[in-house]
Amino acid sequence: MSNIYFSLEEILNQILLGDATEILKRIPSESVDCIIIDPPYGIDFKTQIYNDTKIYVFSHYLLWLAELYRILKTGGHIYLFIPTKRLKKWLIGVEKFFTYKNLLAFPVYANNKYELKNNFGENAQYVIFAHKGKGRELNKIDWIPTSECWKNDKRNTNPKDFIHIYPNYFGNIIYANIKNNTIRKAKHPNEKNPELIQKFIELSTNENEIVLDCFCGSGTTAIASLKAKRNFIGIEMNEEMWSQSNNRITKYQKKQQVLFNNSLNKWFHPISSS
Ligand SMILES: C[S@@+](CC[C@H](N)C(=O)[O-])C[C@H]1O[C@@H](n2cnc3c(N)ncnc32)[C@H](O)[C@@H]1O
């Protein structure tokens, strides 16, 4: 069984097309610095894109978690997006392998933002934060203050509605989960906010380190990694999503190239370009 593992050069900064259950087995042990996943939750949510049935998800999740544990470097962090409905089940799985640290909560824009006032419906996105062994320290980074982050967002009619305070460390922040009514026109029903993912990446890794997302969807983690100057490894089994996430990455890289060329131009022709 030689060469069962990919070499890292082979898969770095790519989204691999296929089933995470198989592909994860081929990623070398202790090779990535951080994992960010937003898996199918197993809540029987009807989607044309992927299988979110309880049967499918909970017959696979321990396999996924075992492989992810093997692949993560000791001390590395994992962020796992999860709904309250299946929280207990996922937590039990996480604790079989990882050191569970805390549950983070971020407000979301539900279709009806007053749902909570009416019937205690969910209006938060939960993220399990855990690490492999004794976790490395979080980096000290600046969070974008609420007012800055959302001042241009048309949906934010009353900023006070969305203020979320993390005492001692984070300051005042607000990050919404991007639903269908997204700032970017979402291509995926579960597309997450790249700014939030970028903050996780900056907290848990340094430049040039590697972030893994084996349920890549529209490629949010890949984009956030590039923005944070980190490397990524992505996996996505839906061909259409895989192709859309690749387009998103190419578009971002082209934009960066144009910005770079413009800055070179200014440097070499400061008078003509002013
Ligand atoms: C909740 S969505 C992720 C959305 C993503 N965070 C984003 O911002 O676009 C889960 C994704 O996992 C993919 N998926 C489900 N099962 C998978 C598997 N076994 N292997 C790889 N991808 C899978 C689905 O096709 C779907 O796009």
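Read the figures in this text as sums done on the coordinates, not as results from a lab. Everything quoted here is computed from the prediction, not taken from an experiment. A quick note on method: Cβ atoms are made from the backbone with ideal geometry, for glycine too, and the neighbour counts reach across all protein chains shown.
Taking 0.36 nm per residue of sequence separation and removing the Cα-Cα distance, the Asn102/Thr21 pair yields an extension gain of 26.6 nm. Counted by Cβ distance under 10 Å from Arg70, the other residues give a net charge of 0, where Lys and Arg count +1 and Asp and Glu count -1.
Note on Ile4 and Ser29: the model spin-label points, each 7 Å out from Cα along the C-beta direction, lie 1.1 nm apart. Here the spin labels are modelled as points 7 Å beyond Cα on the Cα-Cβ line, and at Phe45 and Lys88 they lie 2.1 nm apart.
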